[in-house]
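*Asks:* This is the structure I have questions about; it appears just below.
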């Protein structure tokens with residue numbers, strides 16, 4: 001198997017020994033060339049200062065500190081590694097974040113003689129915020145405390161409250177001496193009480209997890225390639241995969257087309273997936289520029305001009321509200337402003353508090369408005385489409401790193417999208433045919449996709465709106481008319497109304513269809529024997545024993561739809577197949593492809609379920 | 001479907017992304033072409049990034065005129081084959097003034113023939129972005145470079161005040177006169193370069209392969225013997241089987257003793273090598289931190 005790449009970063013407070021550790025690691029696996037070692041030897045004041053292997057700037061060597069990230073490379077037979085050795089000083093936090101933004105794992109050093117310091121917490125927290133999900137605390141300078149187990153364990157305990165904040169993260173501890181090399185490459189003889197792997201062994205075994213939880217295609221268009229008649233849309237796939245023939249949604253125009261081919265210099269590949277850089281040619285002619293996005297039609301990104309995000313503020317001067325900044329997101333660069341500072345995180349407690357100012361190296365939660373819509377996912381779901389930087393248009397400096405946590409509805413935008421989406425999904429069928437099960441699952445799917453959706457379940461309606469009604473034909477008809485009336489109101493207001501009711505009479509259903517217009521009839525069909533066997537509510541049993549008069553299918557007729565938009569054969573297909581049928585129908589019969597509106601409440605819920613609760 | 005790319009394909013995807021960002025964001029970018037192995041890989045990546053079109057930027061070669069004849073021949077052949085636009089900048093004035101490392105020392109020679117020429121050529125062409133093949137692994141100050149390296153109006157690098165560069169989001173904003181240097185090969189190692197050359201069957205200058213050559217042995221360095229190299233007292237060339245790991249000007253590029261005559265042999269050799277690829281670059285050995293000083297002045 002070809003070796004794979006693991007990127008990791010080192011962080012921690014000043015003088016905790018980050019650079020020395022990297023130096024030791026490289027030295028002990030013989031990844032340092034003789035001439036480089038010679039140059040370090042010459043520069044060292046006494047003996048061999050391994051920190052000089054990464055502290056390559058003159059100022060760094062003079063001051064004995066790390067100012068900026070140094071990247072180092074090494075490989076073992078199992079893996080290729082890229083190390084970002086980052087600075088510990090608070091003033092260089094931005095450089096630490098630079099290193100952590102692309103890392104799969106973070107090594108946070110703790111000087112055993114000094115314990116957990118504010119920078120330890122800040123760096124662990126920033127690494128976690130940036131999506132690093134493997135954090136290794138290296139308790140360093142064990143040689144200075146005679147390699148005592150109790151001292152190591154005390155340090156581990158000190159990280160207790162910090163660890164609680166790192167939800168969803170694998171946290172690991174290794175006692176090391178970077179100076180002496182204990183537990184760096186080789187397991188230490190000095191600490192027989194520690195049964196774990198050395199740092200290198202651990203690094204070789206960290207599972208590589210994809211940084212995206214999204215299966216739908218995201219291809220930000222970086223560049224349009226023109227050659228004669230040929231038009232190719234070039235970009236690096238940010239999530240999902242694509243095949244020739246796939247349907248894609250073009251954003252912002254919301255047109256839909258198919259992929260003609262994936263173009264490559266040698267052989268056109270059948271399929272391409274993240275993080276490949278590709279060129280797609282599409283069927284038809286479209287106006288697509290840099291900044292556009294090609295996306296999956298059934299699983300598109302969110303689109304909004306008002307987003308909520310976490311910012312790591314990096315500029316010397318504090319954040320200014322209502323001032324123009326450039327938002328660089330995927331291949332887009334749009335004007336925008338921070339409209340509200342919601343809270344700022346206290347590094348000591350890692351709690352968020354309302355604040356009036358966001359200063360250098362602070363982490364805040366803000367609301368941002370952009371002049372054009374962004375097409376995005378939450379950072380928790382996908383780093384590439386969930387991240388952005390803010391650039392000051394006057395100084396040209398990168399002033400903040402941003403991670404999208406949610407979005408607010410934007411009035412015009414929402415109207416344009418969801419009025420088109422309004423319709424009634426009418427599930428009809430025998431009792432126990434599966435209407436409730438399917439309609440609830442469809443409700444969940446649409447809700448998760450960001451639609452405004454409402455469920456009108458026959459059983460529930462009868463305990464509320466229609467509790468005065470019985471089961472005579474007239475009452476049954478009245479029940480259906482009331483449901484139809486409410487569904488119509490919802491549909492007109494852009495809501496997807498999901499009705500689940502036996503609604504046995506064809507004429508009554510057709511009456512609702514005529515009233516509502518955007519009406520999708522879904523016949524949930526299973527033979528009577530099957531329904532009777534299921535008898536979820538015990539009603540068939542009751543009816544057969546004569547305790548439930550005029551029960552549909554037993555002593556009252558069920559008139560099946562003659563030409564339903566969708567038929568779900570629940571005796572033959574799985575729930576997932578039935579639900580997919582409904583969703584696919586909706587996507588295929590949308591007057592315009594449906595794009596999603598995401599509300600902040602939902603986004604918070606989504607984050608909570610993804611293991612990223614609110615810190 | 002594989003969930004992860006091999007590390008070479010990962011590096012390839014990252015570099016192509018960078019090249020396309022440059023093409024998408026800058027009005028007038030240029031790609032520095034130095035004829036070496038890294039440049040050869042960069043050419044292939046540029047070809048792939050914009051296929052079936054040609055790269056939307058010209059190539060620029062700073063020709064100090066002290067390059068090996070094999071290099072110039074290779075350059076002209078490859079550029080003609082690919083049909084890429086090539087600008088060759090020759091610092092004529094300096095050459096007429098007789099600038100050479102024997103007279104001025106390597107530092108000044110480099111400053112005039114390479115750094116100043118580069119800045120002149122960028123200004124002449126009105127290029128606000130220059131793509132270079134430097135890799136972080138090569139040298140300790142290059143290890144500190146961003147992918148987008150901001151240079152002030154004098155082409156100077158300020159390593160203590162670099163723009164934060166998170167994810168793959170690059171800030172290419174400049175004011176008039178300021179430039180950005182872009183390094184798409186930042187994360188490639190020498191071994192990656194050769195493995196990719198092998199994988200993609202990329203042509204390289206024959207000087208990289210072992211051959212018996214006339215060499216001068218000087219301060220533990222193997223310097224190629226040519227008629228215009230002044231001999232030290234008592235010195236005479238010897239026939240030595242060697243190859244070049246890194247290519248620059250003839251006077252300042254040392255060879256290594258090697259018998260590797262094919263790309264796979266070079267890859268095998270590199271796996272066991274104990275010396276860095278720039279150990280034979282005389283210009284790096286001037287003073288401690290000499291690359292950083294050169295970069296601060298505008299060098300790549």
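None of the figures in this text is laboratory data; all of them are computed from the coordinates on show. Worth saying up front: this structure is predicted, and the values here are computed from it rather than measured. Every residue, glycine as well, gets a Cβ built from its backbone with ideal geometry; the counts of neighbours run over all protein chains shown.
*Asks:* What translational D, rounded to a whole number of µm²/s, comes out for the stretch A:217-291 from Stokes-Einstein when the hydrodynamic radius is the Kirkwood one over Cα pairs, at 20 °C and 1.002 mPa s? Don't skip to the answer; put the middle values down first.
*Replies:* Numbers: Rh = 12.3 Å.
Once the numbers are plugged in, D ends up at 175 µm²/s.
*Asks:* Would you please put A:289-301, A:113-125, A:423-435, A:152-164 in order of how densely packed they are, using the mean number of other Cβ atoms within 10 angstrom per residue and starting with the highest? Don't skip to the end; give the middle numbers.
*Replies:* Working: A:289-301: 21.6, A:113-125: 19.6, A:423-435: 26.8, A:152-164: 15.7.
Packing order, densest peptide first, comes out as A:423-435, A:289-301, A:113-125, A:152-164.
*Asks:* To the nearest Å, what is the center-to-center distance of the stretch A:257-280 and the stretch B:87-145, using C-alpha atoms only?
*Replies:* Spelled out, the Cα-based centre of one part sits 38 Å from the other.
*Asks:* Rank the residues A:60, A:565 as a footprinting-exposure proxy: fewest other Cβ atoms within 10 Å of their Cβ go first.
*Replies:* Values: A:60 23, A:565 16.
Result, fewest neighbours first: A:565, A:60.
*Asks:* Continuing with the same structure: Which three semi-axes in whole Å describe the equivalent ellipsoid of the stretch B:206-285, each the square root of 5 times a Cα gyration tensor eigenvalue, listed largest first? If you can, show how the numbers build up before the last one.
*Replies:* Working: eigenvalues 98, 38, 22 Å².
That gives 22, 14, 10 Å for the three semi-axes.
*Asks:* What whole-number distance in Å separates the alpha-carbon centres of the stretch A:75-92 and the stretch A:188-207?
*Replies:* 18 Å
*Asks:* Additional query: List the relative contact order of the stretch B:206-285 as a percent without decimals, with contacts defined as Cα pairs under 8 Å and 6+ residues apart. Don't skip to the answer; put the middle values down first.
*Replies:* Working: 128 pairs, mean separation 25.8, N = 80.
Here the relative contact order equals 32 percent.
*Asks:* Just round it to a whole percent: the fraction of Cα-Cα distances in the stretch B:132-251 exceeding 23 Å.
*Replies:* Working: 3752 of 7140 pairs.
Here the tail beyond 23 Å accounts for 53 percent of pairs.
*Asks:* How tilted is helix A:600-609 with respect to the longest principal axis of chain A? Cα atoms for both, answer in degrees (0 to 90, nearest 10).
*Replies:* 70 degrees
*Asks:* Calculate, for residue A:544 and residue A:283, the FRET efficiency according to 1/(1 + (r/R0)^6) with r their C-beta to C-beta distance and R0 56 Å; round to the nearest 0.05. The partial results should precede the final answer.
*Replies:* Details: r = 57 Å, r/R0 = 1.02.
After rounding, the FRET efficiency stands at 0.45.
*Asks:* A follow-up question, please. To the nearest whole percent, what portion of all C-alpha pairs in the stretch A:23-109 is separated by more than 17 angstrom?
*Replies:* On the way: 1921 of 3741 pairs.
Result for the distance tail: 51 percent.
*Asks:* Would you compute, for the Cα atoms of the stretch A:302-409, the largest minus smallest coordinate along each principal axis and list the three values in descending order, in whole Å?
*Replies:* Rounded to whole Å, the extents work out to 34, 32, 22 Å.
*Asks:* With the contact rule set at Cα under 8 Å and sequence spacing of 6 or more, what percent relative contact order holds for chain A?
*Replies:* On the way: 1297 pairs, mean separation 62.2, N = 615.
Relative contact order of chain A: 10 percent.
*Asks:* Working from Cα positions, state the angle (0 to 90°, nearest 10) between the long axis of helix A:18-28 and the longest principal axis of chain A.
*Replies:* 80 degrees
*Asks:* Mind pulling the per residue volume of the convex hull built on the Cα atoms of the stretch B:1-120? Å³ is fine.
*Replies:* Values: hull volume 17.2 nm³, N = 120.
Value for the stretch B:1-120: 144 Å³ per residue.
*Asks:* Using the Kirkwood radius over Cα pairs, work out the Stokes-Einstein diffusion coefficient for chain A at 20 °C and 1.002 mPa s, in µm²/s as a whole number. Walk me through the numbers on the way to the answer.
*Replies:* Details: Rh = 28.0 Å.
Taking Rh from Cα pairs, D becomes 76 µm²/s.
*Asks:* Only counting other Cβ atoms within 10 Å, I'd like B:144, B:103, B:48 sorted with the fewest neighbours first.
*Replies:* Values: B:144 28, B:103 11, B:48 19.
Fewest to most other Cβ atoms nearby, the residues stand as B:103, B:48, B:144.
*Asks:* Write down the Kirkwood hydrodynamic radius of the stretch A:4-205, to one decimal in angstroms, obtained as one divided by the mean of 1/r over all alpha carbon pairs.
*Replies:* On the way: mean 1/r = 0.0598 Å⁻¹.
In the stretch A:4-205 this quantity evaluates to 16.7 Å.
*Asks:* At what distance in angstrom do the alpha carbon centres of the stretch A:361-376 and the stretch A:287-332 lie from each other?
*Replies:* 6 Å
*Asks:* Angle, helix A:411-421 long axis vs. longest principal axis of chain A, Cα atoms, 0 to 90°, nearest 10?
*Replies:* Roughly 50 degrees, rounded to the nearest 10.
*Asks:* Let me ask something else about it. Using only alpha carbon positions, build the gyration tensor of the stretch A:417-588, then give the equivalent ellipsoid semi-axes as the square roots of 5 times its eigenvalues, largest first, whole angstrom.
*Replies:* Working: eigenvalues 130, 72, 37 Å².
For the stretch A:417-588, the semi-axes come out at 25, 19, 14 Å.
*Asks:* Would you list A:572, B:116 from fewest to most Cβ contacts within 10 Å? Intermediate results must be reported in sequence, preceding the final value.
*Replies:* Values: A:572 11, B:116 20.
If I rank by nearby Cβ atoms, fewest first, I get A:572, B:116.
*Asks:* Report the percentage of all Cα-Cα pairs in the stretch A:230-375 whose separation exceeds 20 Å, rounded to a whole percent.
*Replies:* Details: 6017 of 10585 pairs.
Tail fraction, whole percent: 57.
*Asks:* Here is a follow-up. Show me, bin by bin at 5 Å from 0, the whole-percent P(r) of the stretch A:255-338 based on Cα pairs.
*Replies:* 3, 9, 16, 19, 15, 11, 10, 8, 6, 3, 0
*Asks:* Rg to Rh ratio, the stretch A:180-247, alpha-carbon atoms and Kirkwood radius? The partial results should precede the final answer.
*Replies:* On the way: Rg = 23.3 Å, Rh = 16.7 Å.
A ratio of 1.39.
*Asks:* Could you work out [θ]222 nm for chain A from helices alone, using -39500 (n - 2.57) per DSSP H run of at least four and dividing by all its residues? Round to the nearest 500 deg cm²/dmol. Walk me through the intermediate numbers first.
*Replies:* Values: 18 runs with 173 residues, N = 615.
After summing the helix terms and dividing by the residues of chain A, the value is -8000 deg cm²/dmol.
*Asks:* Continuing with this model, one more query. Using just the alpha carbons, could you tell me how many Å³ per residue the convex hull of the stretch A:88-180 encloses? Walk me through the numbers before you get to the answer.
*Replies:* Values: hull volume 8.6 nm³, N = 93.
For the stretch A:88-180, the hull spanned by Cα atoms encloses 93 Å³ per residue.
*Asks:* Related question: What number results when the radius of gyration of the stretch A:512-594, computed over Cα atoms, is divided by 2.2 N^0.38 Å? Don't skip to the answer; put the middle values down first.
*Replies:* On the way: Rg = 16.1 Å, N = 83, 2.2 N^0.38 = 11.8 Å.
Normalised by 2.2 N^0.38 Å, the Cα Rg of the stretch A:512-594 equals 1.37.
*Asks:* Return one quarter of the surface area of the convex hull spanned by the alpha-carbon atoms of chain B, equal to its mean projected area, in nm². Write down the numbers at each step before the final one.
*Replies:* On the way: hull surface 66.2 nm².
Result: a mean projected hull area of 16.5 nm².
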